[in-house]
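These notes concern the structure reproduced below.
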Amino acid sequence: MQLYEALSEHVTEWSKRAYPHAEYSTISEILSWAANPDGEGFQLRTPQLRALETYWYLRLVEGTPRVFDLYNRLFEDDKSNLLGALGVPDEAFKQSNFKVQNLWEKIR
């Protein structure tokens, strides 16, 4: 699984729950309206709406993480998929003695 696929799953779940956020609850109303606006003249295409959902998910839910931190969060329960998504070869992981922290230190 790649980062965009994992992120898409999380955004879809957030969308299905009507974009909950304790501090910025209005985002639910805004994104719901953007999906089905009142009146004529304004209509986002599906990819545009998805981009907005993803942007606000990253900002509000994930707290605008650094890319590396986002990888770690989205793949925290599956280090094998994390390494695959990052394109880390098995040999590099083996050289780090199968310790993710050692690998990160070598990469940085």
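The values are calculated or read from the model by the stated rules, or taken from the named source; none is laboratory data. These numbers were taken from a predicted model, which means no experiment stands behind them. Glycine also receives a Cβ, built like all others from the backbone with ideal geometry; neighbour counts cover every protein chain displayed.
From the list R59, R50, pick out the single residue that is assigned by TED's automatic domain parsing to the domain that holds Q2, touching a residue at least 24 places away in the same chain (Cβ under 8 Å) and of a type in the set (K, R).
R50
What are the residues in the stretch 18-36 that are among the charged types (D, E, K, R) and either in a helix (DSSP H, G or I) or within 30 Å of L83 (Cβ to Cβ) (or both), if any?
Result: E29, single match.
Of (1) in contact with a Lys or Arg (Cβ under 9 Å, 6 or more places away or on another chain); (2) on the phi > 0 side of the Ramachandran plot, T64 satisfies all except one. Which?
(1)
Checking the condition among the basic types (K, R) and surrounded by 11 or more Cβ atoms within 10 Å (Cβ to Cβ), which residue from R45, R59, R66, R17 passes?
One residue alone meets the criteria, R59.
Is it fair to say A85 is surrounded by 12 or more Cβ atoms within 10 Å (Cβ to Cβ), without any contact (Cβ under 8 Å) to a residue 12 or more places away in the chain and within 16 Å of the chain's Cα centre (by Cα)?
No, not satisfied.
What is the one condition in (1) of a type in the set (G, A, S); (2) modelled with pLDDT under 95; (3) closer than 14 Å to L7 by Cβ that A92 does not satisfy?
The number of the failed condition is (3).
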